[in-house]
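Here's the structure we're looking at; comments come further down.
Each value in this text was obtained by applying a stated rule to the coordinates, not by laboratory testing. In this text the structure is predicted, and so the values were computed from the model without any measurement. No Cβ is skipped: glycine too gets one built from the backbone with ideal geometry, and neighbour counts run over all protein chains shown.
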Amino acid sequence: MSLTWSEALSWRLRRQFLDPVGSGSVADVVRRLGAIPAYPDHTAELAIRLRRADAQPGDVAAALADGEIIKTYAFRGATHLLTPEDGGAYLALRAAGRMWELPSWQSFYRLPAGEWPDFRKLIRELLTDGPMSRDELAAAISDNRRFGHLTSAFDGNDTLIKPLTWQGDISFGPARDGRATFQRLDTNPRWAGLPDLDQAGRRAIETYFRAYGPATPRHVQYWLGEGLGGGRKRIRDWITDLGDRLAAVRIDGEPAYLLREDLDELTATPATRAVRFLPGYDQWVLGPGTADPHVVPPARRKLVSRKANLVIARGAVSGTWTLAGDEVVVAWFAEAGRVPKAALADETQRLAEILDKPLRSTVETG
């Protein structure tokens, strides 16, 4: 089947609740995208609210408090929002590297791999009565005969904590006095645990093709390999395991793949003329990667990588936006063609409603 990139990106916009804007919950958005960067909080909230027609301030915080989503370390060692039902697949891939077994890790922390399970158990027990901060965890283990020497490892550094999140022992709890806390993850009734590694890999790849397809194996390797350390051979095998469920397509002559059950929806999706404002480091560009020239113009990659707020037109990054008081300043890329003034004005109004403040837009071209 032959497609154009205009058709492919139109379908991807639909899949990511950007055209049309979705009507689902916070968890629906997080589940569809697989993961959403959680830092800073206002950027994560904006990324989600821009994909929900009835979004309200505080929806993301409420979803976290209710356990509908979790905040944990995932892709590239950064904090992400995941769903407790599906997030275990990504954590299983991240944990597959078994960092705690590396000789350098064991030597640095003076923590033999054989003692790692007992350390995990201790942390879970300490958190049984509720969330604790780094300082509180450090104080709680300071007198422990086996693990007291790890007290300093909690001082402003989460390197020791990250594998505990990857293995599903803990996740971030509610902030207290501006400080992060950690809580047991298994107290969340929605937590489905870590699946078998092969099951996790296949599930994560399916999710990727549904949200970021049509895509190539290189895209999947970027997302799950470079992002989570899933392993090149494993990822290649998992893609092969999908077999006939994957359909080969050509997009403007370039080979790519899509889940076969999504082909009809893709071909029925009308071409989009949508213009959308997105925050910097949005999943729209992180999913395929900033090196994908169909989404990010190569000449603008450095700008996008520096977390500039994005203006998306027909699926491609066509400008950036900044907020200055009550003015949205749009820097429209000259190579993006004619400035869609009416569409930018409409999107400015939508942003004004989300931020609950009057806004007007100014367009600069360059």
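What's the exposure ranking of Ile36, Ile354, going from fewest to most Cβ atoms within 10 Å? Please report the intermediate quantities before stating the final value.
Details: Ile36 26, Ile354 18.
Fewest to most other Cβ atoms nearby, the residues stand as Ile354, Ile36.
Among Ile312, Ile123, rank each residue by its count of other Cβ atoms within 10 Å, from fewest to most, as a rough exposure measure.
On the way: Ile312 24, Ile123 21.
Starting with the residue having the fewest Cβ neighbours, the order is Ile123, Ile312.
If I compute mean projected area of the Cα convex hull in nm² from the structure I just sent, which labelled value in (1) 23.5; (2) 25.1; (3) 19.2 lines up?
Structure-derived value, by its label: (3).
Rounded to the nearest 0.05, what FRET efficiency is calculated for Ser305 and Asp196 with R0 set to 25 Å and r the Cβ-Cβ distance? Each step should come with its number before you reach the end.
Working: r = 35 Å, r/R0 = 1.40.
According to the calculation, E is roughly 0.10.
Work through the residues other than Val363 whose Cβ is under 13 Å from its Cβ and net out their charges, Lys, Arg +1 and Asp, Glu -1.
On the way: positive: Arg338, Lys341, Arg360; negative: Glu327, Glu347, Glu364.
Net charge around Val363: 0.
Name the trypsin sites (Lys or Arg not before Pro) in the stretch 153-210 that are in a loop by DSSP and that have at most 16 other C-beta atoms within 10 Å, would you? Numbers along the way, then the final one.
Numbers: sites: Arg176, Arg179, Arg184, Arg190, Arg202, Arg203, Arg210; in loops: Arg190.
Filter output for the stretch 153-210: Arg190.
Can you tell me the relative contact order of the stretch 172-294? Whole percent, Cα pairs under 8 Å, sequence separation 6 or more. Mind dumping the intermediate values first?
Values: 90 pairs, mean separation 27.0, N = 123.
Across the stretch 172-294, relative contact order equals 22 percent.
For every other residue with a beta carbon closer than 13 angstrom to the beta carbon of Leu127, add +1 if it is Lys or Arg and -1 if Asp or Glu, then tell me the sum. Display every interim value, and only then the final one.
Working: positive: Arg120, Lys121, Arg124, Arg134, Arg184; negative: Glu125, Asp129, Glu136, Asp169, Asp186.
Residues near Leu127 contribute 0 overall.
At R0 = 25 Å, how high is the FRET efficiency between Ala324 and Arg210 if r is their beta carbon distance? Nearest 0.05 is fine. Walk me through the intermediate numbers first.
Numbers: r = 37 Å, r/R0 = 1.50.
Between Ala324 and Arg210 the formula returns 0.10.
If Lys and Arg each add +1 and Asp and Glu each add -1, what is the summed charge of the other residues whose beta carbon sits under 10 Å from the beta carbon of Pro340?
Summing Lys and Arg as +1 and Asp and Glu as -1 gives +2.
One-quarter of the Cα convex hull surface for the stretch 16-93, in nm²? Display every interim value, and only then the final one.
On the way: hull surface 18.9 nm².
The Cα convex hull of the stretch 16-93, projected and averaged over all directions, gives 4.7 nm².
Short version: ³J(HN,Hα) in whole Hz for each residue of the stretch 14-25, in order, from phi by Karplus 6.51 cos²θ - 1.76 cosθ + 1.60 (θ = phi - 60°), x for Gly and Pro, what are they?
5, 5, 9, 6, 9, 7, x, 5, x, 10, x, 7
Show me, for the stretch 42-55, the HN-Hα J-couplings you get by feeding each phi into the Karplus relation (A = 6.51, B = -1.76, C = 1.60, θ = phi - 60°), rounded to Hz, glycine and proline as x.
Karplus-based 3J(HN,Hα) across the stretch 42-55 equals 5, 6, 4, 5, 5, 4, 7, 5, 5, 10, 10, 5, 10, 5 Hz.
What do you get for the angle between helix 341-355 and the principal long axis of the chain? Use alpha-carbon atoms, 0 to 90 degrees, nearest ten.
It works out to around 30 degrees.
Based on the Cβ-Cβ distance from Glu335 to Phe108, what FRET efficiency comes out when R0 is 56 Å, to the nearest 0.05?
Working: r = 49 Å, r/R0 = 0.87.
Between Glu335 and Phe108 the formula returns 0.70.
Under 5 Å between amide H atoms, partner at least 5 residues away or on a different chain: which partners does Gly230 have, H built in plane at 1.01 Å?
Residues meeting the criterion, in which the H sits 1.01 Å from N, are Gly225.
Over the Cα atoms, compute the radius of gyration (one decimal) and Dmax (the largest Cα-Cα distance, rounded to a whole number) for the stretch 275-365, in Å.
12.5, 35
Go through Gly280, Ala55, Tyr257 and say which Cα lies farthest out towards the positive end of the charge dipole of the chain; charges sit on Cβ, +1 for Lys and Arg, -1 for Asp and Glu.
Tyr257
Compare Ser104, Ser133, Ser142 in a GNM of the chain, Cα atoms joined below 10 Å, and give the one with the largest fluctuation.
Ser104
Residue-wise, which Karplus ³J(HN,Hα) couplings in Hz belong to the stretch 63-80, taking 6.51 cos²θ - 1.76 cosθ + 1.60, θ = phi - 60°, and x for glycine or proline?
Those phi angles translate into 5, 5, 5, 7, x, 5, 9, 10, 10, 7, 7, 9, 5, 6, x, 9, 7, 9 Hz.
Add -39500 (n - 2.57) for each DSSP H run of 4 or more in the chain, then divide by its residues: what number comes out at 222 nm, to the nearest 500 deg cm²/dmol?
Working: 16 runs with 135 residues, N = 366.
So the helix-based figure for the chain works out to -10000 deg cm²/dmol.
If you average 1/r across every pair of different Cα atoms in the stretch 43-184 and take the reciprocal, what Kirkwood value do you get, in Å? Intermediate values should be presented prior to the final figure.
Values: mean 1/r = 0.0616 Å⁻¹.
Final number for the Kirkwood radius of the stretch 43-184 is 16.2 Å.
Please give the contour-minus-distance gain from Ala343 to Lys233: 0.36 nm per residue of separation, less the Cα-Cα distance, rounded to one decimal in nm.
Values: separation 110, 0.36 × 110 = 39.60 nm, distance 4.45 nm.
Contour length minus the Cα-Cα distance gives 35.1 nm.
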